[in-house]
Amino acid sequence: MKQPLFLKPLFQERIWGGTKLNELYGYEIPSNQTGECWAISAHPNGENIVKNGELQGKTLGQLWEENPEVFGHFESDRFPLLIKILDANDDLSVQVHPDDEYADEYENGELGKTECWYIIDCDEDAEMIFGHHAKSQEELVKLIEEGNWNKLLQRVKIKSGDFFYVPSGTIHALCKGTLVLETQQSSDTTYRVYDYDRPGQDGELRELHLNKAIEVTTVPHVAEKVESATAKINGGTITTFVEEDYFTVYKWDVQTSLELTHGVHFILASVIKGDGMLITEEGEFPLKKGDHFILPNAIDTFAIKGNVELIASHPNNKGGHNYDMANTTREMANI
């Protein structure tokens, strides 16, 4: 299989959602409270369908089960990643996610959720909640029980182009006026810590999950430093944002043309800005912002032309890598 697989996005309505997914990407969204575009997903709560080629009409979950060669026979009992675009028109709940071991035991075999965010766009004064100030679990419990959120929660300023790595166990929340592309483990488990005492769509306060949240929160908070590696070459720039146990995430910033290669099982990619052309030995495939696609295992060399920006990623097998982002970036850029 040497054709890229383009996927039909799915949408999730959220009380904090808005209309930017329509305004910026032209998606037909279900309402003016559309918070999430599930762009590349095989999770049971939302599976994308292939839009093109000989596999057109299949869900990503079907492909994973029936066509493992597409993914280079990647060793996993399920499609490992989930790619979203989130439109935070209002503050998201303050939340935390479990790791694999906890989720497997308490969430019916679900994966844990380590994730990362690329800030596509945000208001000039935008911020997010990232971590907490408690020095011990006893202090964490005390501040939560008191509702002393100003003392507990750590806020950071953000701007377009920022990247944040959010391991499981990290208390976090996107805030109003933020549009992000999220790369995460294929999980839909969230433990709410605080929801601003606001009613949900049914008029009732949304459920909190304080006992589980306290159990899985990392104390004290450890700020994971992300030091990206960038290669500038004729025609564009490749940046590797993070390379860790579950995924590697890149930005491909194409000014004219980039010729790329990879030695991984498969690549996921989302066009966040501009338009261009994806060129493989099978032909040319138009790209526009809002497109999401998979490069199967058989496509290891390709080119992208135009003036276009993409966020790309691939899964990693936990514990099986010695990471060297600078070398990964050079290899992909053929330099």
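Each reported figure results from applying straightforward, stated rules to the coordinates on display, with no laboratory input. What you see is a predicted model; the values in this text were computed from it and never measured. Cβ atoms come from the backbone with ideal geometry, glycine included; neighbour counts cover every protein chain shown.
Descriptive notes on the structure:
- Karplus-derived 3J(HN,Hα) values for the range 61-75, using 6.51 cos²θ - 1.76 cosθ + 1.60 with θ = phi - 60°, are x, 4, 4, 4, 7, 9, 10, x, 5, 4, 9, x, 6, 4, 7 Hz; glycine and proline are entered as x.
- Charging the Cβ of each Asp and Glu at -1 and of each Lys and Arg at +1, and nothing else, the dipole of the range 5-216 about its Cα centre rounds to 540 debye.
- Gyration tensor (alpha-carbon) shape descriptor, the range 95-137, a/c threshold 1.5: oblate
- Cα lying deepest toward the dipole's positive end in the chain, options 126, 114, 137, charges on Cβ: 126
- The residue among 274, 6, 205 whose Cα reaches farthest toward the positive pole of the charge dipole of the chain, with charges on the beta-carbon of Lys, Arg, Asp and Glu, is 274.
- Calculated mean residue ellipticity, 222 nm, the chain: -3500 deg cm²/dmol, from DSSP H runs (n ≥ 4) at -39500 (n - 2.57) each, averaged per residue and rounded to 500.
- Among the trypsin sites (Lys or Arg not before Pro) in the range 104-158, those located in a DSSP loop and surrounded by at most 14 other Cβ atoms within 10 Å of their own Cβ are 135.
- Gained length - residue 162 relative to residue 284, 0.36 nm times residue gap less alpha-carbon distance: 40.8 nm
- Segment residue 196-residue 154, length gained on full extension (0.36 nm per residue, minus Cα span): 13.5 nm
- C-alpha long axis of helix 137-146 to longest principal axis of the chain, angle in °: 70
- Unit charges on C-beta of K, R, D, E only; dipole of the range 229-332, Debye: 300
- Amide H contacts of residue 248 (H built 1.01 Å from N, in plane; Pro and chain starts excluded): 314, 316 sit under 5 Å, all sequence-distant by 5 or more or on other chains.
- Eligible lysines near residue 113 by straight Cα distance, threshold 17 Å, same-chain separation 8 or greater: 84, 212, 318
- Result for the chain in a Gaussian network model with C-alpha springs under 10 Å: among 75, 182, 138, the largest mean-square fluctuation is at 138.
- Dipole magnitude (debye, nearest 20) for the range 1-76, charges at Cβ of Lys, Arg, Asp, Glu: 240
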